[in-house]
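Participant: Take a look at this one; I'll ask things after.
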Amino acid sequence: MRGLRAHARLTGAGAVFLGEVQTAPVFRLWSIEDRFPGMMRAEAGGASIAAELYAIPHAGFAAVLESEPDGLCVGRVALADGTSPLGVLAEPRLVQGREEITAHGGWRAYLRAKGIHPL
């Protein structure tokens, strides 16, 4: 995400920021040790989550995924506008026992609420 510690991986892979988006209200969000978020599609209790949309060349997308922490994977992210681009989602094992932060509505809002400086 723009301005956060892993953003350089995106720009280094040729990613172009397209805009801020909201997911469809079908996701839940967890903090993974306050280092990065993990988002999963929910069977129940989902919410709309603030996110960012990027255009990334295929080779760059592969490079970004290879550098992601273990437990993150590629999946379709349903957006509020009805589109479903590829994105990074969490595997169930990654979020087990982690702090659920869905009520904050997004990673940046969670970091602000906790007074965490993300860089």
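The values are calculated or read from the model by the stated rules, or taken from the named source; none is laboratory data. If you're wondering where the values come from, they're calculated on a predicted model, not measured in any experiment. In this analysis, Cβ positions are derived from the backbone assuming ideal geometry, glycine residues included, and neighbour counts consider all displayed protein chains.
Participant: Give me a count of the residues in the range 48-76 that are among the acidic types (Asp, Glu) and buried (at least 16 other Cβ atoms within 10 Å of the Cβ).
Facilitator: Residues of the range 48-76 among the acidic types (Asp, Glu): 52, 66, 68, 70.
Applying the additional criterion that residues be buried (at least 16 other Cβ atoms within 10 Å of the Cβ) yields 52.
Residues that pass the stated criteria total 1.
Participant: Which of the residues belonging to the range 25-41 are of a type in the set (A, V, I, L, M, F, W, C) and either within 12 Å of Arg98 (Cα to Cα) or touching a Pro at 6+ places or on another chain (Cβ under 9 Å) (or both)? If you could, list the steps in order and put the result at the bottom.
Facilitator: Applying the first criterion (of a type in the set (A, V, I, L, M, F, W, C)) to the range 25-41 yields 26-27, 29-30, 32, 36, 39-40.
Answer for the range 25-41, where residues must be of a type in the set (A, V, I, L, M, F, W, C) and either within 12 Å of Arg98 (Cα to Cα) or touching a Pro at 6+ places or on another chain (Cβ under 9 Å) (or both): Leu29, Trp30, Ile32, Phe36, Met39, Met40.
Participant: Now for a different question. Of everything in the range 11-47 that's in a strand (DSSP E or B) and of a type in the set (S, T, N, Q), which residue is surrounded by the fewest Cβ atoms within 10 Å (Cβ to Cβ)? Outline the logic, then answer.
Facilitator: At the first step, the residues of the range 11-47 found to be in a strand (DSSP E or B) are 16-23, 27-32, 36-41, 47.
From what is left, the residues that are of a type in the set (S, T, N, Q) are 22-23, 31.
Numbers: Gln22: 15, Thr23: 22, Ser31: 20.
Only one residue fits best here, namely Gln22.
Participant: Quick check on Gly105: is it touching a Leu at 6+ places or on another chain (Cβ under 9 Å), closer than 20 Å to Arg2 by Cβ, at pLDDT 95 or above and surrounded by 15 or more Cβ atoms within 10 Å (Cβ to Cβ)?
Facilitator: Taking the combined requirement at face value, the residue satisfies it.
Results for (1) within 15 Å of the chain's Cα centre (by Cα); (2) of a type outside the set (A, V, I, L, M); (3) closer than 25 Å to Glu66 by Cα, shown as yes or no for each residue.
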{"site": "Pro85", "(1), (2), (3)": "yes, yes, yes"}
{"site": "Glu91", "(1), (2), (3)": "yes, yes, yes"}
{"site": "Val95", "(1), (2), (3)": "yes, no, yes"}
{"site": "Ile116", "(1), (2), (3)": "no, no, no"}
